[in-house]
Amino acid sequence: MVQGLQLRQSLTQSLVLAPQLQQSLALLQAPTLELKALVEQELQQNPILEETPAQEVEQTDLEGKEPRNDAADPTEPPADLNFDPAMEKAPSGPVDDFEAEFERLVQLDQEWRDHFSQTNIPLRSSAEDEEKRQFMFDSLVVSTSLQEMLLEQVRESKLPESEWPIAEMLVAISTTTGI
């Protein structure tokens, strides 16, 4: 047995995400309700952070300019939304912001599902598309099996026709038994 020093080199590859990048990815992937909870948690944990009401943000811009009224308030519904107060249900108990937000999200989810279910209806293909499709199916070729290939080679070989049945039997036996 030979003893001695050996030197080995290995190469490995790994992906490491920085903590800030991990936090950014978590924030980008979070749904609205979870994002709100994450922001509230950060506000509670970090004493330097403070929440400014939306009215203060509207009154002064970051540069101290007058507020811009041309941008729509993101918390308000769009102007083209038809709202009928008579169709609304009277609240049976105290309305919680969470419940209202959840109902709004459920409604938006259902609207998107309806929209995508309508847009994914397969379109009727034209005669040209149908012809291309049929050509593709007609051009598909079934691959030949090992037994068929060997039998073809036997027939093309210089083997006399009287010995073909013996060769065919050998091919059949070898392909079925795996010899």
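The values are calculated or read from the model by the stated rules, or taken from the named source; none is laboratory data. Quantities reported herein were computed from a predicted structural model and do not represent experimental measurements. Cβ atoms come from the backbone with ideal geometry, glycine included; neighbour counts cover every protein chain shown. Calculation scope for accessible area: heavy atoms of the full protein, side chains included, ligands and nucleic acids excluded. Shrake-Rupley method; radii C 1.70, N 1.55, O 1.52, S 1.80 Å.
In table form, for the structure just shown:
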| quantity | calculated |
| --- | --- |
| Any hit, segment 35-55, residues being of a type in the set (Ser, Thr, Tyr), closer than 28 Å to Leu105 by Cβ and in a loop (DSSP other than H, G, I, E, B) | yes |
| Meets criteria (modelled with pLDDT of 75 or more and out of contact with any Ser or Thr (no Cβ under 7 Å at 6 or more places or on another chain)) for Arg113 | yes |
| Count - residues of segment 145-173 that are open to solvent by 80 Å² or more (accessible area, probe 1.4 Å) and not in a helix (DSSP H, G or I) | 1 |
| Every residue from segment 24-44 that is open to solvent by 100 Å² or more (accessible area, probe 1.4 Å) and over 21 Å from the mean Cα position of the chain (by Cα) | Lys36, Gln44 |
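So that you can scan it fast, the table gives a plain yes or no per residue for (1) aromatic (Phe, Trp, Tyr); (2) assigned to a loop (DSSP other than H, G, I, E, B); (3) modelled with pLDDT of 60 or more:
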{"site": "Asn82", "(1), (2), (3)": "no, yes, yes"}
{"site": "Pro94", "(1), (2), (3)": "no, yes, no"}
{"site": "Gln118", "(1), (2), (3)": "no, no, yes"}
{"site": "Arg133", "(1), (2), (3)": "no, no, yes"}
{"site": "Ser143", "(1), (2), (3)": "no, yes, yes"}
